[in-house]
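Shown next, in structure tokens, is the structure this report addresses.
The values are calculated or read from the model by the stated rules, or taken from the named source; none is laboratory data. Everything numeric here is computed off the predicted structure, so don't read it as measured data. All Cβ positions, even for glycine, are placed from backbone atoms using ideal geometry, and neighbour counts span all protein chains on display.
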């Protein structure tokens, strides 16, 4: 089966990473020939996408509601060549390009519901058109978590629609891009020597709630022997730096900025925290569990909570005070922090990209069988 995955750009994010790993895994199977369509040729992952053996297509769309009809005609002509068009984003005009073709439409709802941001004027239009698209033009809808499924069914009023399922995101558990440690990592390793390292890797945006982690960290009793490693970048970076200064913990906090080799930084962490509120899924939690790292989340963490409750209810906290207490348990109990038991690694294997690939391939096959 020829399958075309649709994303908007190649910027740093969970959807883009998932689609990259998924398409690579599917292309290795004997069932699927996976290609990728990127609407806007921009983003930190462009070189990574281009380095694959996959066919990558780009358009000349300038913005979400670009009315370049000639460009959309070219896109529709491209879509015609595929048995399955697999959308990972919703854009009304791109979706229109797929309607009426023989191609079957699979839509993966990644849970971008706009939690924590101001509503835009276009939100109502987008919700209405997406609801209509879901109800009448999709062959199958998948969700990356039960949390996402519940919210989507309520928002788009699609309760009871046939051919819907939860397919958890997967990650590449073996690091095929493994390289010698960089100078920055070597220097940071030396700097963190004999310190307990608490960390996170994230985009610094509102729903990620990095502020909760900073607040909890500031209350640790033996903070002089502890470091908070914040890996990532985003619009809230200046605000988070100001919070750190106000709490007078600047000497104990390291902001790395955007890094491409996130896994190298995760390796340096003793305990990982993802303090998001209403996170649709949370690939990073699988990544750190696969490194055998204790991974803590909040009870209102959405898909993150789904992941962690599957392995440790004790690592799901209700507020900053509980997070501080749990962090201190890990810091003071060397046995907990340096646990050589591989139960986290074994658990993470259940979220491999190969399993996700197989689940999607099964869906494509069922769609084909329905139409034969």
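Per-residue answers, yes or no, for (1) in the same structural domain as residue 269 (by TED's automatic domain parsing); (2) under 26 Å from residue 302 (Cα atoms); (3) surrounded by 16 or more Cβ atoms within 10 Å (Cβ to Cβ); (4) at pLDDT below 95:
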| site | (1), (2), (3), (4) |
| --- | --- |
| 197 | yes, yes, yes, no |
| 221 | yes, no, no, yes |
| 227 | yes, no, yes, no |
| 246 | yes, no, no, no |
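Let me confirm something: among 266, 277, which residue is crowded, with 16+ Cβ neighbours inside 10 Å, farther than 22 Å from residue 194 by Cβ and touching a helix residue (DSSP H, G or I) at 6+ places or on another chain (Cβ under 7 Å)?
Just a single option satisfies the conditions, and that option is 277.
Being more than 16 Å from the chain's Cα centre (by Cα) and not in a loop (DSSP other than H, G, I, E, B): is that true of residue 230 here?
Considered against the rule, which asks whether it is more than 16 Å from the chain's Cα centre (by Cα) and not in a loop (DSSP other than H, G, I, E, B), residue 230 comes out as yes.
Restricting the stretch 125-144 to residues that are touching a residue at least 40 places away in the same chain (Cβ under 8 Å) and within 23 Å of the chain's Cα centre (by Cα), which is farthest from residue 95 (Cα to Cα)?
144
Considering only residues that are touching a strand residue (DSSP E or B) at 6+ places or on another chain (Cβ under 9 Å), in contact (Cβ under 8 Å) with a residue 24 or more places away in the chain and farther than 9 Å from residue 10 by Cβ, which ones fall in the stretch 43-56?
Once the filter is applied, which keeps residues that are touching a strand residue (DSSP E or B) at 6+ places or on another chain (Cβ under 9 Å), in contact (Cβ under 8 Å) with a residue 24 or more places away in the chain and farther than 9 Å from residue 10 by Cβ, the stretch 43-56 yields 52, 54.
Could you check residue 362 against (1) touching a residue at least 12 places away in the same chain (Cβ under 8 Å); (2) surrounded by fewer than 17 Cβ atoms within 10 Å (Cβ to Cβ); (3) outside the structural domain of residue 225 (by TED's automatic domain parsing) and say which number it fails?
With respect to (1) touching a residue at least 12 places away in the same chain (Cβ under 8 Å); (2) surrounded by fewer than 17 Cβ atoms within 10 Å (Cβ to Cβ); (3) outside the structural domain of residue 225 (by TED's automatic domain parsing), residue 362 is out only on (1).
Can you confirm whether the stretch 24-41 contains a residue that is touching a residue at least 40 places away in the same chain (Cβ under 8 Å), within 16 Å of the chain's Cα centre (by Cα) and surrounded by 21 or more Cβ atoms within 10 Å (Cβ to Cβ)?
no
Take the residues of the stretch 106-129 that are touching a strand residue (DSSP E or B) at 6+ places or on another chain (Cβ under 9 Å) and not in a loop (DSSP other than H, G, I, E, B): which is nearest to residue 205 (Cα to Cα)?
Of everything passing the filter in the stretch 106-129, 109 is nearest to residue 205 (Cα to Cα).
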